[in-house]
Amino acid sequence: MSFPRAVSRLLIVVFTIPLVLILAGSVATSASTSGRLLAANPLSVSFGNIQVGNSLTQHEILTNSANSTVTISQATVTGAGFSLYGLSLPLSLNRGQSVTFSVRFTPKVGGNVSGGIAVLSNASNPKLAIALAGSGVPAGQLTSSASTLNFGSVAVGTSKSVTATFTATGSSVTISSATSTNAEFSLSGLSLPKTIAAGQSASFTLTFKPQSSGTSSGNISLASNAANTPTIETLTGSGTVTPAHNVIISWSSSPSAVVGYNLYRGTKSGGPYAKVNPVLNASTSYTDSSVQSGTTYYYVSTAVDRSGIESMYSNQRQAVIPSP
């Protein structure tokens with residue numbers, strides 16, 4: 001009886017179990033910049049159209065929106081006419097803290113201007129850029145229709161007025177004040193400050209009121225934001241004194257017994273007449289000092305007796321008052 005032969009080879013299978021090594025710990029990060037973000041509101045500032053020489057101010061806000069303190073070290077502004085105020089550096093902002101500062105645009109010449117603000121800090125965005133833009137509009141011109149004016153002769157105690165206009169060209173003009181070097185000359189009809197749109201006009205009144213006889217002169221200076229400020233009104237005039245005229249009327253006494261006389265005056269031959277003397281005149285003459293220059297008067301008189309009866313009118317007399 002035969003038996004199976006023994007296996008001469010041995011098969012060995014080795015199973016490899018992977019070794020897993022678990023380590024406990026943390027991953028290191030940059031402590032100087034992690035989680036620090038500086039935000040600007042707004043990120044760009046537009047000033048629009050600003051007249052040359054004028055200014056416009058807007059506000060900008062910087063906010064630390066992260067979990068740790070951010071230190072702002074520097075802020076520089078570029079662009080002609082742009083400037084910033086109210087930001088004292090270096091400045092540290094705690095978590096959630098903000099700072100507000102002002103940005104101003106003052107154009108020196110006409111045309112578009114662009115610029116920016118560069119904010120340096122230790123935030124994760126270490127250089128924050130804020131864009132700036134604006135446009136300079138050339139200043140307007142202010143002209144007067146009566147820049148030189150002679151009022152001529154004006155009687156002392158009276159006044160003469162002339163209406164004129166101011167016109168703005170190129171850009172709107174705002175008149176802020178008007179100052180006279182001589183109290184006899186004045187400007188009215190404008191409620192100041194007064195803004196006149198480009199291409200438009202505004203009327204005003206110039207007045208001369210002489211206080212004494214003789215030639216007077218003066219200037220009225222108008223301050224504005226026009227390129228040709230101040231605008232000057234050059235004014236002259238002459239004050240005259242009207243001579244005082246009197247008319248002395250005399251008549252013959254009545255042959256009848258009378259207590260006085262009345263004098264009557266009219267501006268037309270034959271009347272009607274109005275009594276001149278306020279009370280009964282005891283003499284046979286009267287001085288009329290209420291006459292006006294350049295006027296012709298006609299006079300008659302009456303006699304009044306003790307009973308108050310008044311006679312008929314006397315013959316008419318004419319008086320011509322010279323002018324002035």
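The values are calculated or read from the model by the stated rules, or taken from the named source; none is laboratory data. What you see is a predicted model; the values in this text were computed from it and never measured. With ideal geometry, Cβ positions are generated from the backbone for all residues, glycine too; neighbour counts draw on all protein chains shown. Only protein heavy atoms, including side chains, enter the accessible area calculation; ligands, DNA and RNA are left aside. Shrake-Rupley method; radii C 1.70, N 1.55, O 1.52, S 1.80 Å.
Partners of LYS160 within straight-line reach, counting aspartates and glutamates whose Cα lies under 20 Å from its Cα and excluding those fewer than 8 residues away in the same chain: GLU184, GLU233.
Projecting label points 7 angstrom from Cα along Cα→Cβ for ASN41 and ILE321 puts them 8.1 nm apart.
Using 0.36 nm per residue, how much length does the chain from THR284 to ALA223 gain when fully extended, once their Cα-Cα distance is taken away? Show your work: numbers first, answer last.
Working: separation 61, 0.36 × 61 = 21.96 nm, distance 6.53 nm.
Roughly 15.4 nm would be gained on extension.
Electrostatic tally near ILE249: other residues with Cβ closer than 10 Å to its Cβ, Lys and Arg +1, Asp and Glu -1, net +1. Remark: region 86-98, residue by residue, has Karplus-estimated 3J(HN,Hα) of x, 10, 9, 10, x, 9, 9, 10, 6, 4, x, 7, 10 Hz, where x stands for each Gly or Pro and the curve is 6.51 cos²θ - 1.76 cosθ + 1.60 at θ = phi - 60°.
State the extension gain, in nm to one decimal, for the chain segment bounded by ALA129 and HIS59, taking 0.36 nm per residue of separation less the distance between their alpha-carbons. Display every interim value, and only then the final one.
Details: separation 70, 0.36 × 70 = 25.20 nm, distance 1.54 nm.
Separation in residues times 0.36 nm, less the Cα-Cα distance, equals 23.7 nm.
Take the Cβ-Cβ distance between SER188 and SER153 as r, set R0 to 35 Å, and report the resulting FRET efficiency rounded to the nearest 0.05. Using R0 = 35 Å, I get an efficiency of 0.95. Taking a spot 7 Å from the Cα of GLN200 along the direction of its beta carbon, which residues of region 111-148 have an amide N less than 16 Å from it? Residues 140-143 qualify, since their backbone N sits under 16 Å from the label point. Rolling a 1.4 Å probe across all protein chains gives SER212 an accessible area of roughly 60 Å². For SER180 and ALA274, a Förster radius of 56 Å and the Cβ-Cβ distance give a FRET efficiency of 0.80, rounded to the nearest 0.05. Given their separation in residues at 0.36 nm each and the Cα-Cα distance between them, GLN211 and SER102 gain 33.9 nm when the chain is fully extended.
Taking the solvent-accessible surface of protein heavy atoms with a 1.4 Å probe, what is the per residue accessible area of the chain in Å²? Working shown, then result.
Details: 19380 Å² over 324 residues.
The answer is 60 Å² per residue.
First compute the accessible area of the chain with a 1.4 Å probe, then give the percent of it belonging to carbon and sulfur atoms. Please list the in-between numbers first.
On the way: 10340 of 19380 Å².
With neighbouring chains kept in place, the figure for the chain is 53 percent.
Label separation (VAL241 vs SER114): 7.5 nm, computed from points 7 Å beyond Cα along the C-beta direction.
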